[in-house]
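Peer 1: Pasting a structure here, questions to come.
The values are calculated or read from the model by the stated rules, or taken from the named source; none is laboratory data. In this text, all values refer to a predicted model and were calculated from it rather than measured experimentally. We place every Cβ from the backbone using ideal geometry, glycine too, and count neighbours over all the protein chains shown. Side chains are part of the model used for accessible areas, which takes the heavy atoms of the whole protein and leaves out ligands, DNA and RNA. Shrake-Rupley method; radii C 1.70, N 1.55, O 1.52, S 1.80 Å.
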There are 2 protein chains.
Amino acid sequence: MTFDQLIQTTPAVDKGTQSVVLTSRIRLARNLANYSFPGWSTKAERAEVYQTIQKAVSKLPIAQTGFFEELSNYESLQKQVLVEQHLMSRELASRGEGCGLLVNKEKSLAIMINEEDHFRLQAIHSGLNLKKAYRALDKVDTQISKKLDFAYDHELGFLTSCPTNVGTGMRASVMLHLPALGLTDQIEQVLKAVSKLGLAIRGFYGEGTESLGDLYQISNQSTLGESEKEIIGRIERVVKYIATAEENARLKTLQEEPSFLFDKVSRAYGTLRYAHILSSKESLTLISLIRMGTKLGYFPEATYERCDNLTIEIQPAHLQLEAGKKLSPHERDLARAKIIARNLKNLSGPKL
Amino acid sequence: MTFDQLIQTTPAVDKGTQSVVLTSRIRLARNLANYSFPGWSTKAERAEVYQTIQKAVSKLPIAQTGFFEELSNYESLQKQVLVEQHLMSRELASRGEGCGLLVNKEKSLAIMINEEDHFRLQAIHSGLNLKKAYRALDKVDTQISKKLDFAYDHELGFLTSCPTNVGTGMRASVMLHLPALGLTDQIEQVLKAVSKLGLAIRGFYGEGTESLGDLYQISNQSTLGESEKEIIGRIERVVKYIATAEENARLKTLQEEPSFLFDKVSRAYGTLRYAHILSSKESLTLISLIRMGTKLGYFPEATYERCDNLTIEIQPAHLQLEAGKKLSPHERDLARAKIIARNLKNLSGPKL
């Protein structure tokens, strides 16, 4: 698989056709026994680890049809594109030699090598599907563990660079689309409740990022003292509760103030179609409203997929890849507006 | 002329096809000698004055083809429509028996009877045309003065109910459209300069109203110690200065930030076309941007006239007249958005 083929595949993370829960993701952190963890290793050790891992990983079934490269073979823009597709962390993108990325053909599985840990395995599925994502990842994890020895302590579990990952090494997260809770000013309350339940809630691009486009990521905070199954079960219960709250808020607003909701969505469409300068932040917020409007029946069903693709295509690196050159922030805002207008033009406008 | 015919004529005040100076208006205050002024007169006196004036005025040439009614013959909605067309003051609209309105066929001349003064004569012309408006009004004034004696003092000039009108009894005003001075934050400075020159500057509906849609009315503050010609000359000089400032601001913005201006205008179009709920205030502000955009060549020329008509058609009384029933503020916001969208749909969108 070439890089171009990889890029042209719609990322699994953005195939969210569900109403509220867009995607479910599982990440596992693993390290090799008998080697320094990446943060403490010398260049030579890192290269040795990479060789060892590469040998084992390139024999995995997903590597046969997927994409596998060492980081030093990427251009900086290509790395940014993969970050925007949620296949690579910003941290890995800042690295080069001795680090690598394997992505399966469907982009539903990714393995980062020598990021914070020797292995960061990731599986993504659309909708509320943490169990399915975990099963897919567990399979790859088992395949690797048959070839390589993981750093493991019988008291603590898997050992990781950061103590917050020790134990299962698992971070299970769910991306939620909560526009109606935002519109009805209930979102703060929900966020508070979630953090009291020992779960973390964050914006679109993970830790430390602001929420964009009413997208929220919910994940487990602790990895110790609970089994993978227990963690996943807890998150799914909370997510189902939030999803119901969001659906109720949509229904309630729709019943009580139908024209208010339609006005919001329809204005978002008008701005997206006619703005000449659009920031990433504003675009995502407005696209979020179109997404909700599609679920409410204001737009044809196909609009949803268009929104999914746009969410990725309007990111900085994607815009520059498309333009074939480096663009200033202002040029990106112009290019973004153009792409969005072009995409919306071919879809019918909002109808009540 | 029937009321329906009157309503269907586009008001002269809104035929502003000029770029910056939309309309010029002259108003003269006159009172009959030997009668109490309206504020001090009894009901019987007011009726007697009305009879006297009616007899004289109905013989005027403009009365032959125009519209002339006593206020008690109007429905409240009809009065509101005339207020929105700038043919009747809010003050006159609140009155009934013993008060009247005469409007000529072209709506360029109006005579209010028993408002604050016995006579309030008004002439409107498009563009910067105070002299032409004054000549038209002076002609009617002379015709009336041949039939009736005005209250006049050889020291002071014409006597009026409010001392601020004594002398010429004239208020000359010009409606300016100043969006670029607003966008470039120069408007406050201009407003200050104008008031230092002894002129008043006010919003869309005259004294005490906020500026809407970047429309400003400039008029003389004093009526005493200067001839009509001097007052008009002074206003025209100031207005020409402001118009140049506005035109320069448009050019400068267009040269330095062309995409900024186009973005502003194009977004306004998007919102007007797709909003489902539109207040009067927001509509006027956005229509103002479309107006400017038309002058900048973003829209076909015909858009300008469409904006002129819309400015009137979206006013509360006009919306209710069109709907044929009383509408709540929310219903008006819905109806307003519908009318605007329908009007813009048939015109081509913004083009850079």
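Peer 1: How much of the accessible area of chain B, in percent, comes from carbon and sulfur atoms when a 1.4 Å probe is used?
Peer 2: Numbers: 7620 of 15450 Å².
That share works out to 49 percent.
Peer 1: What FRET efficiency would be calculated for the residue pair B:L148, B:K105, taking the C-beta separation as r and a Förster radius of 25 Å, to the nearest 0.05? It would help to have the intermediate numbers written out before the result.
Peer 2: On the way: r = 23 Å, r/R0 = 0.93.
Calculated value: 0.60.
Peer 1: I've got another one for you. In percent, how large is the relative contact order of chain B, given Cα pairs closer than 8 Å and 6 or more residues apart?
Peer 2: Values: 607 pairs, mean separation 65.1, N = 352.
Computed value for chain B: 18 percent relative contact order.
Peer 1: Ok, one more. Please label the shape of the stretch B:257-344 as rounded, prolate or oblate, based on the square roots a ≥ b ≥ c of the eigenvalues of the alpha-carbon gyration tensor (a/c under 1.5 means rounded; beyond that, a/b larger than b/c means prolate, else oblate). List each step's numbers first, then the result.
Peer 2: Numbers: a/c = 2.82, a/b = 1.95, b/c = 1.45.
It is prolate, given that a/c is not under 1.5 and a/b is the larger ratio.
Peer 1: Ok, one more. Solvent-accessible area per residue for the protein assembly as shown at a 1.4 Å probe radius, Å²?
Peer 2: It amounts to 44 Å² per residue over the protein assembly as shown.
Peer 1: Continuing with this model, one more query. Go through the stretch A:150-162 residue by residue and turn each phi into a ³J(HN,Hα) via Karplus (6.51, -1.76, 1.60, θ = phi - 60°); whole Hz please, and just put x for glycine and proline.
Peer 2: Couplings: 8, 6, 9, 10, 5, 7, 8, x, 5, 9, 9, 4, 9 Hz.
Peer 1: Placing the label point 7 Å from Cα along the Cα-to-Cβ direction, what are the distances from A:I7 to the equivalent spots in the other copies, shortest first, in nm to one decimal?
Peer 2: Taking the point 7 Å beyond Cα along Cα→Cβ, the inter-copy spacings are 6.1 nm.
Peer 1: All other residues with a Cβ under 12 Å from the Cβ of A:P61 taken together, and with Lys, Arg as +1 and Asp, Glu as -1, what is their net charge?
Peer 2: Values: positive: A:K59, A:K105, A:K139; negative: none.
That sum, taken over residues with Cβ under 12 Å, equals +3.
Peer 1: Can you run phi through the Karplus equation (6.51, -1.76, 1.60; θ = phi - 60°) for the stretch B:127-133 and list ³J(HN,Hα) in whole Hz, with x for Gly and Pro?
Peer 2: Taking θ as phi minus 60°, the curve returns x, 7, 8, 4, 5, 5, 4 Hz for the stretch B:127-133.
Peer 1: Pairs to check: A:K105/A:K132; B:K264/B:K351; A:K192/A:K229. Give those whose C-alpha atoms are more than 22 Å from each other in this structure.
Peer 2: Pairs exceeding the cut-off: A:K192/A:K229.
Peer 1: Any idea what log10 I(q)/I(0) is at q = 0.07, 0.10, 0.12 Å⁻¹ for chain A, Debye with uniform C-alpha scatterers and no solvent?
Peer 2: -0.31, -0.64, -0.90
Peer 1: Moving on to the next point. For chain A, set up a GNM with springs between Cα atoms under 10 Å and report which of A:K107, A:K196, A:K295 has the largest fluctuation.
Peer 2: Comparing A:K107, A:K196, A:K295 in a Gaussian network model of chain A, the most mobile one is A:K196.
Peer 1: Kindly provide the helix-only [θ] at 222 nm of chain A, computed as the sum of -39,500 (n - 2.57) over DSSP H runs of four or more divided by all residues, to the nearest 500 deg cm²/dmol?
Peer 2: Here the helix-only value at 222 nm equals -15000 deg cm²/dmol.
Peer 1: Let me ask something additional. Using a 10 Å cut-off around each Cβ of peptide A:257-266, what is the average number of partner chain Cβ atoms that fall inside?
Peer 2: Values: counts 1, 1, 6, 3, 1, 4, 8, 3, 2, 8.
Counting Cβ atoms of other protein chains within 10 Å of each residue's Cβ and averaging gives 4.
Peer 1: Let me ask something additional. What FRET efficiency, computed as 1/(1 + (r/R0)^6) with R0 = 35 Å and r the Cβ-Cβ distance, is obtained for B:Q54 and B:A193, rounded to the nearest 0.05?
Peer 2: 0.20
Peer 1: Axis carrying B onto A: which residue of B has the nearest Cβ, and how far, whole Å?
Peer 2: Axis-proximal residue of B, distance in whole Å: B:G270, 2.
Peer 1: How large is ³J(HN,Hα) for each residue in the stretch B:307-316, as worked out from phi by the Karplus curve 6.51 cos²θ - 1.76 cosθ + 1.60 (θ = phi - 60°), to whole Hz, x for Gly and Pro?
Peer 2: Values, residue by residue: 4, 4, 5, 4, 3, 8, 5, 8, 6, x Hz.
Peer 1: Using a 10 angstrom cutoff on alpha carbons, build the Gaussian network for chain A and name the most mobile of A:Q186, A:Q78, A:Q255.
Peer 2: Its mean-square fluctuation being the largest, the pick is A:Q255.
Peer 1: Additional query: Using protein heavy atoms only (no ligands, DNA or RNA), what is the total accessible area buried between B and A, 1.4 Å probe, nearest 100 Å²?
Peer 2: The summed interface area works out to 1500 Å².
Peer 1: Let me ask another. Non-local amide H neighbours of A:Q217 (under 5 Å, H modeled in plane, Pro and chain starts lacking H): which ones?
Peer 2: HN-HN under 5 Å from A:Q217: A:L176, A:R202, A:G203.
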